[in-house]
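Following: one structure in structure tokens, then a few remarks.
The values are calculated or read from the model by the stated rules, or taken from the named source; none is laboratory data. All values derive from a computational prediction rather than experimental measurement. Heavy atoms of the whole protein, side chains included, go into the accessibility calculation; ligands, DNA and RNA do not. Shrake-Rupley method; radii C 1.70, N 1.55, O 1.52, S 1.80 Å.
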Amino acid sequence: MDITDQPTVLLPGEVRMPLLGFGTWQATGPAAYDAVLAALDTGYRHLDTATLYGNEREVGRAVRESGLRREDVFITTKVPPDRVGRERETLEASLEALGVDQVDLWLIHWPPSATDSIPMWRELLAARDENLTRAVGVSNYSTSQIDELVQSTEENPAVNQIRWGPMLYDRQRHAEHRDRGVVLEGYSPFKTTDLSDPVLTGIAGAHGVSPAQVVLRWHIDHEIVVIPKSVTPERISANFDVFHFSLTAEEMREVDALGNA
Ligand SMILES: NC(=O)c1ccc[n+]([C@@H]2O[C@H](COP(=O)([O-])OP(=O)(O)OC[C@H]3O[C@@H](n4cnc5c(N)ncnc54)[C@H](OP(=O)(O)O)[C@@H]3O)[C@@H](O)[C@H]2O)c1
């Protein structure tokens, strides 16, 4: 399966980001390699890692050994905010560990202190301008923190990766991202969700799928990027098997309403 065969969102610079990606936090060593290789074999074409996850080497090896072309896999990594002043060497270490010349998306993992915020963002923009990453963004930023970056540099983050799921649904926060041209990427879709909630089990039953698949499809139908993590082969494949159904407008409203409970 090619990147263009699955739902994607367009980032600035004509960068296509698959809406469904594969999370790798807490997967390390051989388990990380096996999980990423299984994900790529299943059809995932978007991988989420970070300097702090300690698995970039395994992620890179799985990409190489998958037999896929580099341009057919979207790779995100993240710089921890305490690397301020050492952003470039941190990215170079990520590229070396991943075994690539460029990542697709480089994020600030969470907001640095107020004084470090703009200098660090400028370093990410510089790395993008030098083609070390195709796009740049942030993670765990509030809307006002995003606005500060834009006011100082006139460059908005392509993406903000934040904790998200049906129980955290916030229509206004989603709209604030859309209004600013910032793609909302959700993380921890399952950890933030009660998968036994009757709304989710009811919709799952109607489609002959699992509540976890409903949660993933709900993100995709909102055009919100979602990056479920699993090291379990059956879950890796079930979490990708969400392209044969979609939620009705009424079902979308019911799941959205879980966020207001
Ligand atoms: N930017 C940030 O600050 C930040 C923070 C947290 C996460 N993230 C990213 O987002 C990714 C996803 O978030 P996450 O790992 O925190 O949580 P998650 O994807 O919501 O949940 C992962 C957990 O759910 C289990 N699971 C996977 N598929 C399942 C299914 N179909 N049914 C039931 N349980 C299932 C996994 O178990 P098994 O692995 O045992 O199958 C694992 O215990 C991370 O891996 C990371 O890449 C980013």
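Annotations
- For segment 209-261, the solvent-accessible area works out to 43 Å² per residue, with a probe of 1.4 Å and every protein chain left in place.
- Tail beyond 15 Å, pair distance distribution of segment 30-76 (Cα, percent): 32 percent
- Column: log10 I(q)/I(0), Debye, Cα scatterers of segment 169-219, q = 0.12, 0.15, 0.26 Å⁻¹: -0.33, -0.49, -0.95
- Only Cα pairs under 8 Å and 6+ residues apart enter the sum, and on that basis the relative contact order of the chain stands at 19 percent.
- Spatial extent of segment 42-161: Rg and Dmax, with the Cα atoms as the point set, Å: 14.1, 44
- Percent carbon-and-sulfur accessible area, the chain, ignoring ligands, DNA and RNA, probe 1.4 Å: 47 percent
- The alpha carbon centroids of segment 189-261 and segment 47-114 are separated by 28 Å.
- Per-bin percent of Cα-Cα distances, segment 175-261 [10 Å]: 16, 52, 28, 5
- Taken over the chain, the convex hull of the Cα atoms encloses 119 Å³ per residue.
- Helix-only [θ]222 nm of the chain, DSSP H runs n ≥ 4, -39500 (n - 2.57) each, per residue, nearest 500: -13000 deg cm²/dmol
- At q = 0.15, 0.29 Å⁻¹, base-10 log of I(q)/I(0) for segment 1-49 (Debye sum, equal scatterers on each alpha carbon): -0.43, -1.06
- Among V159, V100, V182: highest mean-square fluctuation, GNM of the chain, C-alpha pairs under 10 Å: V100
- Cα-based radius of gyration of segment 1-90 once divided by 2.2 N^0.38 Å, which approximates compact folds: 1.11
- Compactness relative to 2.2 N^0.38 Å, alpha carbon Rg of segment 110-237: 1.23
- Note that segment 91-179 presents 44 Å² accessible area per residue, ligands and nucleic acids not counted, probe 1.4 Å.
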